[in-house]
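The values are calculated or read from the model by the stated rules, or taken from the named source; none is laboratory data. Remember, it's a predicted structure, so these values are computed and weren't measured experimentally. Cβ coordinates were reconstructed from backbone atoms using ideal geometry, including for glycine residues, and neighbour counts include every protein chain displayed.
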Ligand code: SF4
C-alpha cells in the first residue's frame with residue numbers, strides 16, 4: 001500500500017509536476033489556499049481534476065493580516081511576507097496531513113526560484129517553523145537537497161528526484177510537454193502582495209487601522225483616495241468594478257450617480273462627503289447629482305461641482 005502524502009497544489013506548473021513525479025509513489029491528496037489577497041482560480045480545480053487529485057480548499061481569513069502587520073521573516077519587494085506565508089500554508093497542510101493519516105508533505109518548490117522564500121536556508125527554516133523537519137519532499141529540486149525521511153526510509157529514491165534550480169522554466173516546460181500538461185496557472189499565481197501599487201494601498205490601510213476582510217476586497221479595485229479629513233474613498237473605473245463595490249459595500253457608504261450611468265464609489269464615513277462628491281463629479285460624465293446611500297438604506301441626493309485634476313491627484317493612494 002502506498003504511503004499517504006499531502007501536496008501543496010497551487011494550480012501552477014511546478015505543483016502539477018510535483019504531483020506527476022510522485023503520483024506513482026504516494027497516495028496523494030492536495031491542499032490549495034486562498035488568502036484575503038489571492039483567490040484560487042477555477043483552473044486550479046480543473047487541473048486537479050485532470051490529475052485525479054482530491055483537493056481541500058483552505059481559506060485564510062483575519063489571521064492572515066497578522067503576517068502583513070508583523071512578518072517575522074520580512075517582506076519581498078512589495079509587502080509580500082513570502083516565507084511567513086509559506087510557513088502558514090505548511091502548518092495548515094500538516095494539520096490536514098494529520099487528519100488524513102499522511103506523513104509527508106510534497107511541494108513544487110524549486111530551489112532559488114524565488115529569492116524571498118526558496119533559498120536553501122529558507123526551505124530548511126520553513127521546515128523547522130512548521131515542525132516538518134525531514135518530512136517535506138520537493139521532487140523538482142530534491143536531488144540538490146539533503147535527504148528527507150522518505151528518502152532515508154527508501155520510500156522515494158534520489159534518482160526519482162530532479163535537480164532543477166533557479167528561475168529558468170526550461171526543464172519544467174519540457175516536462176509539461178512530456179506529461180501533456182496544460183491548463184496550469186502563471187508563476188506566483190498573481191499574488192497582489194508583490195505589486196507595488198497594491199502594497200502602497202495596504203500600507204495606507206494599515207496606517208489607518210482599516211486592514212479587514214471587507215476592505216481588503218476593494219484594494220485591487222478602482223481609484224483609491226485618502227481624503228483631507230482622513231476618510232477613504234474608492235471610485236470604480238468600469239461597470240465590473242461598480243458591481244464589485246456594490247456587492248462588497250458592507251457598512252460603508254455608497255455613492256451612486258443619480259439617474260445616469262457612471263462610476264460608483266464607497267466612502268468610509270461622512271467627514272469628507274463634500275470632497276468625495278466633488279471627486280465623483282470629476283469622474284462622472286453624465287451627471288453631477290449623486291445618491292448617498294448609507295448601510296441602513298437611508299438615501300439623500302446631492303449635487304456637486306467637479307474638482308480640478310490637480311486637487312484630485314493629490315489625494316490618490
Ligand atoms: S507570493 Fe503571495 S501567496 Fe505566494 S508565498 Fe508570497 S505572499 Fe504568499
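List the residue pairs whose Cβ atoms are under 6 Å apart, where the first residue sits in region 286-311 and is over 20 Å from residue 261 (Cα atoms), the second is assigned to a loop (DSSP other than H, G, I, E, B), and the two are 6 or more positions apart or on different chains.
295/251
Hey, which of the helices (runs of 4 or more DSSP H) in region 210-291, taking only ones fully inside, have at least 2 residues that are modelled with pLDDT of 95 or more and surrounded by 17 or more Cβ atoms within 10 Å (Cβ to Cβ)?
In region 210-291, 239-247, 273-283 are the helices (runs of 4 or more DSSP H) which contain 2 or more residues that are modelled with pLDDT of 95 or more and surrounded by 17 or more Cβ atoms within 10 Å (Cβ to Cβ).
Output the number of the condition that residue 106 fails; it satisfies all remaining conditions of (1) crowded, with 22+ Cβ neighbours inside 10 Å; (2) within 13 Å of residue 8 (Cβ to Cβ); (3) within 14 Å of the ligand (Cβ to nearest atom).
For residue 106, the exception is condition (3).
Scan region 71-87 and give yes if some residue there is at pLDDT 95 or above, out of contact with any helix residue (DSSP H, G or I) (no Cβ under 7 Å at 6 or more places or on another chain) and within 12 Å of the ligand (Cβ to nearest atom), otherwise no.
no
Going by what's in this entry, would residue 55 be described as over 13 Å from the mean Cα position of the chain (by Cα), within 12 Å of residue 31 (Cβ to Cβ) and within 13 Å of the ligand (Cβ to nearest atom)?
Criteria not met by residue 55.
Identify all residues within region 149-188 that are surrounded by fewer than 16 Cβ atoms within 10 Å (Cβ to Cβ) and within 16 Å of the ligand (Cβ to nearest atom); write none if there are none.
167, 186, 188
Report yes if residue 140 is touching a helix residue (DSSP H, G or I) at 6+ places or on another chain (Cβ under 7 Å) and closer than 24 Å to residue 13 by Cβ, otherwise no.
yes
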